[in-house]
1. If I ask for residues that are in a helix (DSSP H, G or I) and over 18 Å from residue 24 (Cα atoms), which ones from region 58-80 would you list?
2. Taking the conditions exactly as written (closer than 26 Å to residue 102 by Cβ and modelled with pLDDT under 95), does residue 69 satisfy them or not?
3. So which of 81, 76, 40, 11 is surrounded by 14 or more Cβ atoms within 10 Å (Cβ to Cβ) and either at pLDDT 95 or above or out of contact with any Lys or Arg (no Cβ under 6 Å at 6 or more places or on another chain) (or both)?
4. Under the condition of being assigned to a loop (DSSP other than H, G, I, E, B) and at pLDDT 85 or above, which residue from region 89-124 is nearest to residue 17 (Cα to Cα)?
Amino acid sequence: MNAPGAVPRCEGSLPDPLAFFVTWSTYGTWLPGDRRGWIEYRHGWQLPDPVRELEARAKMTEDACVLDRQQRLVVERTIREHCAIRGWELHAVNCRTITCTSSSAPLSTPIESVCNSRPGARDG
């Protein structure tokens, strides 16, 4: 039993999520070293690094992708269709000029399946 005012502790594993809240940025709009900070795969949150950002920008093979209104509508429609095909309930979707956020999926779907199956996701 927790002491009065103490933060309760979880016993055992955490409960299954109700949904997956997934946000991603478009190509070239949030590079390694970004002034807002950035996430390094398997190493977590990293501080800004202007030199690293310049190096990443120099390696870009295309201009940064900034979506216009029509492109944002296509992305949102594609996410809705993708969820329907997989039988996922889409709770929300919001596509902006440089980011897209969606909340979807049934309880039985592993997070790896959600992340690897979103439209435009890289394999593996």
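The values are calculated or read from the model by the stated rules, or taken from the named source; none is laboratory data. In this text, all values refer to a predicted model and were calculated from it rather than measured experimentally. Virtual Cβ from ideal backbone geometry, glycine too; neighbours counted across all protein chains shown.
1. Once the filter is applied, which keeps residues that are in a helix (DSSP H, G or I) and over 18 Å from residue 24 (Cα atoms), region 58-80 yields 58, 59, 70.
2. So residue 69 does not fit the description; no.
3. From the options 81, 76, 40, 11, the qualifying one is 76.
4. Step one: list which residues in region 89-124 are assigned to a loop (DSSP other than H, G, I, E, B), which gives 89, 96-98, 105-110, 118-124.
Now drop any that are not at pLDDT 85 or above, which leaves 89, 96-98.
Numbers: 89: 13, 96: 25, 97: 28, 98: 27 Å.
In this case the residue turns out to be 89.
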